[in-house]
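First comes the structure, then the notes that go with it.
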Amino acid sequence: MMEPSGNSLIISADSHVLEPGDLWTKALGGRFGDALPRIVKGFDGHEGTFFYLGRPGEAARIDELVNAVGDEQRVKELVQAGSDPVFRVQLMKADGVSAEVLNPTFALWVPRIPDPVMRRACAEVFNDWIVEYCASASERLLGVGIVPVDDPEWAVNEAKRIIRRGARGIMVPTQPIEGAAPYRSAVYDPFWAVAEEARVPVTLHIVTGRVRDPFTYHGADERGEVPRSFLELFGEAAPVLANEFIFGGIFDRFPKLSIFLSEYDASWLPILKYRVDRIEKFPGLTPLKRPARAYVDENVFVGIINDPLAGKLRHEIGLDRIMWGSDFPHPPCPYPHTRERIGEILAGIPEGDRAAIVSGNVSRLYGIDVAALA
């Protein structure tokens, strides 16, 4: 097994914070009460501790989310790091990780909240929290705010607000909110324009779309839907990318907009390029300004955690598109053996290619000052 050299830079393009379970009830309890996302004891007749998503009928069992891999002390450290940025940086340094792009954990489900007023309020609360979390080490902790974009005016104002406060990325639901206009609609153009002008990547992350998270199915009957949900979850980004961003004209109107597909893996990108080439020949579509696959090659970045084929297919995917992430502090992450794990998933890959995947591409996309990290 070939490991990354001891001096090579490691930057995680996909890590997470772990929001306090009472984040939303403390801030918004007086307005929305028990409708808010929160930790609850027991759910729909099932025993245990759950996180209620804020959507009727959907909650995730906490012990299944934790999936305690390793000893109790390790899990305790991960949980503390999720909400304690100073402690987090200590663990990062011990593990040889120089910087991380930080996504939500519980707030990934915010786009599924059906009440639009509460949905936007919950997004604002999370965005304020993550900006403050990252402020103590802004060169190492790059926060991603979440902006459900069903209300274009609110989305534009919220994007500007969090960028001004230091957010380094903006996450939108993988699919538009139910009942909202499709992303290709011109009503959202001012929002894409904000992201493009600020050179802030827009993230599409698993479980933010319309496919129900498999962890919210409980009991024997519901668990029968898990295989379908699991596969649909990881396949949700491709149709949106093709229908809205490529053939919907978003990339033509905003040619410098960058989309980051987070946790969707990468080895399917070559077949997507083949498919969009075929779609381009379909009669009656609005002509594109570039070949269809060029939008994937030039506007799209893709994250990997454990994708076993991404390294082997790196040239077909696009070596300058692939960005590795640790998923820290979710317990299946490789901490405290990150360097060894990277050596396993990128075994046999030349040092220069490996450096692009584990630090070069992400530092270029997010404008990370590598010299400052060193």
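Open to solvent by less than 40 Å² (accessible area, probe 1.4 Å), more than 21 Å from the chain's Cα centre (by Cα) and basic (Lys, Arg) - does that describe any residue in region 89-98?
Filtering region 89-98 for residues open to solvent by less than 40 Å² (accessible area, probe 1.4 Å) gives 89, 91-92, 95-98.
This time we only want the ones that are more than 21 Å from the chain's Cα centre (by Cα), so: 91, 95-96.
Filter once more, so that each one left must be basic (Lys, Arg): none.
No, there is no match, as no residue in region 89-98 is open to solvent by less than 40 Å² (accessible area, probe 1.4 Å), more than 21 Å from the chain's Cα centre (by Cα) and basic (Lys, Arg).
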What is the residue count in region 211-242 for residues that are at negative phi, in contact (Cβ under 8 Å) with a residue 40 or more places away in the chain and open to solvent by 30 Å² or more (accessible area, probe 1.4 Å)? 2
What's the number of the only condition in (1) in contact with a strand residue (DSSP E or B) (Cβ under 9 Å, 6 or more places away or on another chain); (2) surrounded by fewer than 21 Cβ atoms within 10 Å (Cβ to Cβ) that Arg74 fails to meet? (1)
Filter result (without any contact (Cβ under 8 Å) to a residue 60 or more places away in the chain and within 21 Å of Met171 (Cβ to Cβ)) within region 72-110: Pro85
Among the residues that make up region 111-120, is at least one of them open to solvent by 20 Å² or more (accessible area, probe 1.4 Å), without any contact (Cβ under 8 Å) to a residue 24 or more places away in the chain and within 13 Å of Gly21 (Cα to Cα)? no
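Out of the helices (runs of 4 or more DSSP H) lying entirely within region 243-314, which hold 1 or more residues that are open to solvent by less than 30 Å² (accessible area, probe 1.4 Å) and in contact with a strand residue (DSSP E or B) (Cβ under 7 Å, 6 or more places away or on another chain)? Before you say what the answer is, go through the steps one by one.
Working: elements: 250-253, 269-280, 292-299.
Answer list for region 243-314: 269-280, 292-299.
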If you go through region 1-45, how many residues are at pLDDT below 95 and among the hydroxyl-bearing types (Ser, Thr, Tyr)? 2
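Considering only residues of region 163-179 that are open to solvent by 30 Å² or more (accessible area, probe 1.4 Å) and assigned to a loop (DSSP other than H, G, I, E, B), which is nearest to Leu142 (Cα to Cα)?
Among them, the one singled out is Arg168.
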Residue check for Pro329: more than 24 Å from Ser258 (Cβ to Cβ) and surrounded by 21 or more Cβ atoms within 10 Å (Cβ to Cβ): yes
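The values are calculated or read from the model by the stated rules, or taken from the named source; none is laboratory data. All values reported here derive from a predicted model rather than from experimental measurement. Cβ atoms come from the backbone with ideal geometry, glycine included; neighbour counts cover every protein chain shown. With ligands, DNA and RNA removed, areas are computed over all heavy atoms of the protein, side chains included. Shrake-Rupley method; radii C 1.70, N 1.55, O 1.52, S 1.80 Å.
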